[in-house]
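**Student:** Could you have a look at this structure, given as structure tokens, before my questions?
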Amino acid sequence: MKPKTNQPAQAALYDFLIECCQQTPNPMKLEQVSSEISDWDILVDSAYLHGVFPLLFKALKSVETIDERVMVRLKNINLQIARRNMMMTAELLSVIRLLNDNGIRTIAIKGPVLSQIIHGDITQRQFSDLDLLVEQCDMYKSLELLEGIGYLSEHPIRFLKNQTLLKVGKDFPTTHAEKNVLIEFHWRLFLDRHIKKSNINLFSDSNYHCVINNTTVETLELGALLLYLLLHGSKHYWERLEWIVDIDRLIRIHHDEIDWDVLVTMAQDMEIEFMFYLGLAVSHELFHTPLSMTIIAHIDLDHAVLKAKEAILLEIKSDTIKNEQTGLVSLENLNKILLMKDNTNGWMRHYLLTLLQIKELDVYMVNLPNFLSPLYYPIRLYRLFKLNVLRLK
Amino acid sequence: MTLDSRYTIPSTVLLQSVDDEVLLFNSANGLFFTLNEMGAVFWQSMSESNTLQDIFNSIAQEYEVEADLLAQDIITFSQTLAEQGLLNFETQD
């Protein structure tokens, strides 16, 4: 059980963590606030949960007043993260080589590639799995190749020939137990039930390429990557500081390479302006992310975005102090996410689709041939009945 | 092995600076190696060359060191790396 801390110490802990995540942390401020921190364990655990431990460690190296024993412990944790990241990165490069050698265009998202793009270093970002995007038509072949090198999936890969799954799902996870590596294979990034229409060209000729260990890796075009990260973060209520840091650094480093007019139009067309501006607002508030006057003016005039931003900042502060992160499964959080929907129609649509639309788990119950796919509707009703009514009894 | 030996670095080997250390990871055997300061200098030179002679020339230009000793150090270091699968040497006919 963790000792109770007093209010000023709790506030210091939050302030300290935020300062460590700035692009250039202020050493004077860190020195000053560090003297108010009574429990380094809480800070370390919070940083780890928020996915920003490497940034905390990097910032702490400039603070001379920190106990040497604390620094030794932090150095060990940092080394463990770095080793794990190296192992995951080597695996990513190896899998990409295998797929490319078999004629499969493979796009890496988040994970080591994002770390390399925004920090220039694969060890500065925490990640627990790898995300790869391939064309829908390449999914089965990709997973078949992965099975050949020891990966196993929870569901048989023959499901990847099921047209209903390909329509209602977006990814297929597979794991290498011995290496302890989970790869999520995506054939799309957004579900229809979350995004009304996605007009992002994921396989664009202008996709971004970065070099890791002398190997060129393809990722999304930078604007599309930013849009994806903004949606991903908003969908998860920005519960990890790491996701907000991603937005800040990506914009700082590549601001001029992003066509903001195109991005804003895409957000409008996809009807995701709320989530788009919310992510930018949170990042701007915490890390002073450079944004155009037009974007700032839009945020300042959007009361819903401002209200949600305040709620998110309060939640991050509370989570940091309590040293825990609330799971997304709670009803409370579900409602918060629903409140993020752009309008009332959005909520209604979300509720109805949640109830009636066939989900991946319905398909995984039985692999029906494509001509029998309408039978997934009664299967969905049966699953809902079993999940809700029978559980109540 | 001589200074004329040609080598390649396997694609399974990953180099990364972490804090004040330089780590090598070989995904072929899952082993990590920590390089000391001189080892890191050797490796940096190795990644930009393809014969031990190139490494010798590059390091001899930068550091004041006895030629025989440097040649021996490079060969010993390279042999150790090769034993761990971190370097592949071309077999000479």
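The values are calculated or read from the model by the stated rules, or taken from the named source; none is laboratory data. As the structure is a computational prediction, the values presented were derived from the model and not from experiment. Neighbour counts are summed over all protein chains in view; Cβ atoms, including those assigned to glycine, are modelled from backbone coordinates with ideal geometry. When the accessible area is computed, the model is the full protein with side chains, heavy atoms only, and any ligands, DNA or RNA have been set aside. Shrake-Rupley method; radii C 1.70, N 1.55, O 1.52, S 1.80 Å.
**Student:** Anything in the stretch A:155-187 that is touching a Lys or Arg at 6+ places or on another chain (Cβ under 6 Å) and free of Cβ contacts under 8 Å to residues at least 12 places away in the same chain? List them, or say none.
**Tutor:** Once the filter is applied, which keeps residues that are touching a Lys or Arg at 6+ places or on another chain (Cβ under 6 Å) and free of Cβ contacts under 8 Å to residues at least 12 places away in the same chain, the stretch A:155-187 yields nothing.
**Student:** Restricting to the stretch B:6-43, count the residues that are in a strand (DSSP E or B) and within 12 Å of another protein chain (Cβ to nearest Cβ).
**Tutor:** So the answer is 17.
**Student:** Tell me which of these residue B:85 doesn't satisfy, since it passes every other one: (1) surrounded by 14 or more Cβ atoms within 10 Å (Cβ to Cβ); (2) in contact (Cβ under 8 Å) with a residue 60 or more places away in the chain; (3) more than 14 Å from every other protein chain (Cβ to nearest Cβ).
**Tutor:** (3)
**Student:** Would you check which residues across the stretch A:73-89 are facing another protein chain (nearest Cβ under 10 Å), more than 11 Å from residue A:181 (Cα to Cα) and either open to solvent by 10 Å² or more (accessible area, probe 1.4 Å) or free of Cβ contacts under 8 Å to residues at least 12 places away in the same chain (or both) and list them?
**Tutor:** A:75, A:78, A:79, A:81, A:83
**Student:** Whether any residue in the stretch A:96-105 is open to solvent by less than 10 Å² (accessible area, probe 1.4 Å), more than 11 Å from chain B (Cβ to nearest Cβ), under 28 Å from residue A:236 (Cα atoms) and assigned to a loop (DSSP other than H, G, I, E, B) is what I want to check.
**Tutor:** no
**Student:** Right, next: Would you tally the residues in the stretch A:133-152 being within 30 Å of residue A:252 (Cα to Cα) and either hydroxyl-bearing (Ser, Thr, Tyr) or surrounded by 22 or more Cβ atoms within 10 Å (Cβ to Cβ) (or both)?
**Tutor:** Adding up the residues that qualify gives 1.
**Student:** While we're here: Which members of the stretch A:233-287 meet the condition of being closer than 22 Å to residue A:47 by Cβ, out of contact with any Lys or Arg (no Cβ under 8 Å at 6 or more places or on another chain) and charged (D, E, K, R)?
**Tutor:** A:239, A:240, A:248, A:249, A:252
**Student:** Moving on. When you scan the stretch A:179-194, do you find a residue that is polar (S, T, N, Q) and within 14 Å of chain B (Cβ to nearest Cβ), even just one?
**Tutor:** There is at least one residue in the stretch A:179-194 that is polar (S, T, N, Q) and within 14 Å of chain B (Cβ to nearest Cβ).
**Student:** Does the stretch B:44-70 hold any residues that are open to solvent by 70 Å² or more (accessible area, probe 1.4 Å), in a helix (DSSP H, G or I), of a type outside the set (S, T, N, Q) and over 26 Å from residue B:16 (Cβ atoms), and which are they?
**Tutor:** Answer for the stretch B:44-70, where residues must be open to solvent by 70 Å² or more (accessible area, probe 1.4 Å), in a helix (DSSP H, G or I), of a type outside the set (S, T, N, Q) and over 26 Å from residue B:16 (Cβ atoms): B:68, B:69.
**Student:** A further question follows. Only one of A:304, A:297, A:308 is surrounded by fewer than 18 Cβ atoms within 10 Å (Cβ to Cβ), at pLDDT below 90 and farther than 21 Å from residue A:22 by Cα. Can you tell me which?
**Tutor:** Within the list A:304, A:297, A:308, the selection yields A:304.
**Student:** Could you list all residues from the stretch B:1-21 that are within 12 Å of residue B:87 (Cα to Cα) and open to solvent by 30 Å² or more (accessible area, probe 1.4 Å)?
**Tutor:** Across the stretch B:1-21, the qualifying residues are B:6, B:8, B:9, B:11, B:12.
**Student:** Please find, within the stretch A:112-132, the residue that is surrounded by the most Cβ atoms within 10 Å (Cβ to Cβ) out of those that are over 16 Å from residue A:211 (Cβ atoms) and touching an Asp or Glu at 6+ places or on another chain (Cβ under 8 Å).
**Tutor:** Once the filter is applied, the top-ranked residue is A:125.
**Student:** Report yes if some residue within the stretch A:33-53 is over 17 Å from residue A:318 (Cβ atoms), at pLDDT 85 or above and small (Gly, Ala, Ser); otherwise report no.
**Tutor:** Yes, because at least one residue in the stretch A:33-53 is over 17 Å from residue A:318 (Cβ atoms), at pLDDT 85 or above and small (Gly, Ala, Ser).
**Student:** Suppose the filter is open to solvent by less than 70 Å² (accessible area, probe 1.4 Å), touching a Phe, Trp or Tyr at 6+ places or on another chain (Cβ under 6 Å) and modelled with pLDDT of 90 or more; does residue B:24 pass it?
**Tutor:** yes
Here is a yes/no grid of residues against (1) on the phi > 0 side of the Ramachandran plot; (2) surrounded by 18 or more Cβ atoms within 10 Å (Cβ to Cβ); (3) in contact (Cβ under 8 Å) with a residue 40 or more places away in the chain; (4) in a helix (DSSP H, G or I):
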{"residue": "A:189", "(1), (2), (3), (4)": "no, yes, yes, no"}
{"residue": "A:201", "(1), (2), (3), (4)": "no, no, no, no"}
{"residue": "A:217", "(1), (2), (3), (4)": "no, yes, yes, no"}
{"residue": "A:223", "(1), (2), (3), (4)": "no, yes, yes, yes"}
{"residue": "A:230", "(1), (2), (3), (4)": "no, yes, yes, yes"}
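**Student:** Then there is this: Just the residues that are among the small types (Gly, Ala, Ser) and either surrounded by fewer than 20 Cβ atoms within 10 Å (Cβ to Cβ) or in a loop (DSSP other than H, G, I, E, B) (or both), please, taken from the stretch A:7-33.
**Tutor:** A:9, A:11
**Student:** Report, by residue number, each residue of the stretch A:34-46 that is acidic (Asp, Glu) and assigned to a helix (DSSP H, G or I).
**Tutor:** If the condition is that a residue be acidic (Asp, Glu) and assigned to a helix (DSSP H, G or I), then A:41, A:45 are the ones that fit.
**Student:** If you don't mind, another one. What is the one condition in (1) open to solvent by less than 30 Å² (accessible area, probe 1.4 Å); (2) without any contact (Cβ under 8 Å) to a residue 60 or more places away in the chain; (3) more than 14 Å from chain B (Cβ to nearest Cβ) that residue A:109 does not satisfy?
**Tutor:** Of (1) open to solvent by less than 30 Å² (accessible area, probe 1.4 Å); (2) without any contact (Cβ under 8 Å) to a residue 60 or more places away in the chain; (3) more than 14 Å from chain B (Cβ to nearest Cβ), only one is false for residue A:109: (2).
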